1. For n ≥ 4 DSSP H runs only, could you compute -39500 (n - 2.57) per run for the chain, divide by its residues and tell me the 222 nm figure to the nearest 500?
2. Which one of A84, Q55, Q30 has its Cα pushed farthest toward the positive end of the charge dipole of the chain, where Lys and Arg give +1 and Asp and Glu give -1 at the Cβ?
3. I need the peptides 17-24, 35-42 ranked by packing, meaning the mean over residues of other C-beta atoms within 10 angstrom, with the highest value on top.
4. Can you list, by residue number, the Cys in the chain that have no neighbouring cysteine C-beta under 4.7 Å?
5. Counting other Cβ atoms within 10 Å, which chymotrypsin sites (Phe, Trp or Tyr not before Pro) in the range 28-84 have at most 12 and lie in a DSSP loop?
6. Pull out the extension gain between E76 and Q24, defined as 0.36 nm times the separation in residues minus the alpha carbon to alpha carbon distance; nm, one decimal.
7. Hey, of (i) 3, 18, 30, 30, 15, 4, 0; (ii) 3, 11, 9, 9, 8, 7, 6, 6, 8, 8, 6, 6, 6, 4, 3, 1; (iii) 3, 16, 29, 28, 16, 7, 1, which did the structure itself give for P(r) over Cα pairs in 5 Å bins from 0, in percent when calculated?
8. First select every other residue whose beta carbon is under 11 angstrom from the beta carbon of C15; then total the charges, Lys and Arg +1, Asp and Glu -1.
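Readers should treat all values here as calculations from the given coordinates under stated rules, not as data from a laboratory. Just so you know, these numbers come straight off a predicted model, no measurement behind them. Backbone-built Cβ (ideal geometry, glycine too); neighbour counts: all protein chains shown.
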Amino acid sequence: MANVEVYTKATCPYCHRAKALLTQKGVSFQEIPIDGDMAKREEMIKRSGRTTVPQIFIDAQHIGGCDDLFALDNREGLDPLLQA
C-alpha cells in the first residue's frame, strides 16, 4: 500500500473532500495539520511549491491539491498509485 501524506487545515472544505475520497477508497493516510504550525507549513511549501491546502503526496510524489486528486482519479490514475 502506498504511503499517502495530506497537509491540511481543520477549517478547509477541500481538505475534507480530499480526505473523504481517500477514505472512500480505503486508503490510510498520514494527516499533517498545519494550523498554527509554521514549521509544518514551511515544510509543505518547500515540498510542494504551493501555499494552499490540502497538499497531497503519494509515496513522496507531489499530487497537488483536492482538484488535482479528483482529476487524477477521474482519469483513472489514482488507483494505480495507491496500489503501488
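1. -13000 deg cm²/dmol, from helical runs alone.
2. Q55
3. Numbers: 17-24: 16.1, 35-42: 11.6.
The peptides rank, most packed first, as 17-24, 35-42.
4. Lacking a cysteine Cβ partner under 4.7 Å: C66.
5. Numbers: sites: F29, F57, F70; in loops: F29.
Filter output for the range 28-84: empty list.
6. Working: separation 52, 0.36 × 52 = 18.72 nm, distance 1.51 nm.
Answer, rounded to one decimal: 17.2 nm.
7. So the structure-derived entry is (iii).
8. Details: positive: K9, R17, K19; negative: E31, D35.
Net charge in that neighbourhood comes out at +1.
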